[in-house]
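Peer 1: This is the structure I have questions about; it appears just below.
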Amino acid sequence: MTAIAGDTRQNRAIQVLRGLAALLVVIGHAIHETQVMGTVLARPPIDGSFLRWGSGVDIFFVISGFIMVYSSTQLFQRPGGWRSFLWRRFVRIVPLYWLLTTLLLLGALVAPQLLNVPIGDWQHVLSSYLFIPSLRAPGEIRPVMALGWTLNLEMFFYALFACTLVLPMRRAVLALTAGLAVLAGIGLAYEPSQVQLAFWTQSIILEFAFGCLLALGYLAGWRLGAMPALLLALIGFAGLLDWPGLLDWPVPDALRWGVPALMIVAAAALYRNPADAQGSASRLAGMAVLLGNASYSLYLVHPFVLRPLRNLWTQLIGGALPLTVYVAVATATSCLVALMVYRYVEQPLLRSMQGRRRQGGSSLAPDRRSASPLPAQRSLRTTT
């Protein structure tokens, strides 16, 4: 299976969707902050239960599976391909996460009252840096930066993905899908109590497989027109709503939330947009793509905005404005901070790490005994 010739441009719809997924998470967390604000201000908190705001994570996981296959088409069966893949994932994910985790630890020393759960012992801190699942509180498998639990799953997925790069692409994706299905089956059937096994066998890991399979279809030439893509997206978003009685169904999370997420990502990925072929886009679309580019920064930095802003809002504004205004201001502020972090922190870190590899990373370089050099990974300009 080969990619369609010339189809190496950035998929704007995927980038816009990444920004939207991050916004869902940010808005959901901002709404959650109004519960504390409502108690302090004697006002009812915002009820956002009509939508599962955390489904932005499900969308991210499907996108991640899609991008890993799409961006690695020329690494399958290549000598040293797995090293190149893991290094690129390390460069993209780790530096900013480690930096913000360190800032959080320093902040906990200065203002521990801003934390919902105290920082654990040194083993927990070390596990957080190494992306190893560990208990932060009884029954809660979270790293120091709580939302980093998604990155623990991402890193686990990357390790499995790298192991399959020795196979042809189609076989690799099928083997990876089978492996993830077995792990999810173990989790559903046995409900392991061992921390790491319990974490790595959540059914949500199947969402990576959904994205990988979608990428096979995309690379085979599957495309959707405007109306089918719109209908598919609407059905997907409808599946994320809190329909009465539906949450009581005994359905694994990978099906309840992963399938709607897959529909949404499929609509974005497979939509045949004439504007992409012409290379044109409106200013609004360009801004949406920029937010998508900065979505990793937005996901990581927004807790550093919401909690302090909540306290300032409670002290300075109090009940003078509706709590919905707080949510809007907090979301907009998070986006602005994320764009600055993306421009002045994330991108420089990325360039620095890439430069280090070019200067002396012989152990991470492709096998030079190969007859042909290792091609660069294709890019959707993503940070997933």
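Peer 1: Towards the positive end of the charge dipole of the chain, with charges on Cβ (+1 Lys, Arg; -1 Asp, Glu), say which of T34, N311, L300 has the farthest Cα.
Peer 2: Comparing the listed Cα positions along the dipole, L300 ranks first.
Peer 1: Across the Cα atoms of region 124-228, what radius of gyration and what greatest pairwise Cα-Cα distance (Dmax) are found, in Å?
Peer 2: Over region 124-228's Cα set, Rg and Dmax evaluate to 16.1, 49 Å.
Peer 1: Provide the gained length on full extension for the span Q347 to L284, in nm with one decimal, where the gain is 0.36 nm per separating residue minus the Cα-Cα distance.
Peer 2: 20.4 nm
Peer 1: Could you work out the equivalent-ellipsoid semi-axes for the chain, taking the square root of 5 times each eigenvalue of the Cα gyration tensor, largest first, in whole Å?
Peer 2: Equivalent ellipsoid of the chain: 33, 25, 23 Å, largest first.
Peer 1: Relative to the longest principal axis of the C-alpha atoms of the chain, give the angle of the C-alpha long axis of helix 323-341, reported between 0 and 90° and rounded to the nearest 10°.
Peer 2: 40
Peer 1: Still on this model: Report in % the part of the accessible area of the chain that belongs to carbon and sulfur, leaving out ligands and nucleic acids; probe 1.4 Å.
Peer 2: Of all accessible area on the chain, carbon and sulfur atoms account for 66 percent.
Peer 1: Along the Cα→Cβ direction, 7 angstrom out, place labels at A178 and D121. What is the inter-label distance in nm?
Peer 2: 4.2
Peer 1: While we're here: Nearest 0.05, what FRET efficiency do W222 and L147 give at R0 = 30 Å with Cβ-Cβ as r?
Peer 2: FRET efficiency, W222 to L147: 0.40.
Peer 1: While we're here: Give the angle, between 0 and 90 degrees and rounded to the nearest 10, that separates the Cα long axis of helix 283-293 from the longest principal axis of the Cα atoms of the chain.
Peer 2: Here the helix axis deviates by roughly 90 degrees.
Peer 1: A follow-up question, please. Please report, in debye to the nearest 20, how large the charge dipole of the chain is about its Cα centre when each Lys and Arg carries +1 at its beta carbon and each Asp and Glu carries -1 there.
Peer 2: It works out to roughly 1560 debye.
Peer 1: For region 187-259 and region 288-319, what is the centre-to-centre distance using only Cα atoms, to the nearest Å?
Peer 2: Cα centres, region 187-259 to region 288-319: 27 Å.
Peer 1: If one computes P(r) from the Cα atoms of region 182-334, what percent of pairs lie at distances over 29 Å?
Peer 2: Considering region 182-334, 42 percent of its Cα-Cα pairs are separated by more than 29 Å.
Peer 1: Projecting each Cα onto the charge dipole of the chain (Lys/Arg +1, Asp/Glu -1 at the beta carbon, about the Cα centre), which of L165, G236, V182 comes out farthest on the positive side?
Peer 2: L165
Peer 1: Let me know the Rg and Dmax you get for region 106-154 when you use only its Cα atoms, in Å.
Peer 2: When restricted to the Cα atoms of region 106-154, Rg and Dmax are 10.4, 31 Å.
Peer 1: For the residue pair A332 and L105, what label-to-label distance in nm results when each label sits 7 Å from Cα along the Cα-to-beta-carbon direction?
Peer 2: 3.7
Peer 1: Another question, if that's okay. Over the heavy atoms of R343, what accessible area does a 1.4 Å probe trace out, to the nearest 10 Å²?
Peer 2: Here the residue's solvent-accessible area equals roughly 120 Å².
Peer 1: Leaving ligands and nucleic acids out of the surface, order W149, W257, W222 by accessible area at 1.4 Å, largest first.
Peer 2: Final ranking, largest accessible area leading: W222, W149, W257.
Peer 1: Place a point 7 Å from the Cα of L316 along the Cα-to-Cβ direction; which residues of region 15-38 have their backbone N under 16 Å from it?
Peer 2: No residue passes the distance filter.
Peer 1: Calculate, for C163 and V36, the FRET efficiency according to 1/(1 + (r/R0)^6) with r their C-beta to C-beta distance and R0 45 Å; round to the nearest 0.05.
Peer 2: Calculated value: 0.55.
Peer 1: Using a 1.4 angstrom probe, figure out how much accessible area region 159-209 has per residue, in square angstrom, rounded to the nearest whole.
Peer 2: 48
Peer 1: Still on this structure, I have one more. On a 0 to 90° scale, report how tilted helix 55-71 is relative to the longest principal axis of the chain, with both axes built from alpha carbons and the result rounded to the nearest 10.
Peer 2: That works out to roughly 20 degrees.
Peer 1: Please name which of P112, L135, V94 has its Cα lying farthest along the dipole of the chain towards the positive end, using unit charges on Cβ (Lys, Arg +1; Asp, Glu -1) and the Cα centre as origin.
Peer 2: After comparing all options, I get V94.
The values are calculated or read from the model by the stated rules, or taken from the named source; none is laboratory data. These figures come from a predicted structure and were not determined experimentally. Quick reminder, even Gly has a Cβ in these numbers, built from the backbone with ideal geometry, and neighbours come from all protein chains shown. All accessible areas refer to the heavy atoms of the entire protein, side chains included, with ligands and DNA or RNA removed. Shrake-Rupley method; radii C 1.70, N 1.55, O 1.52, S 1.80 Å.
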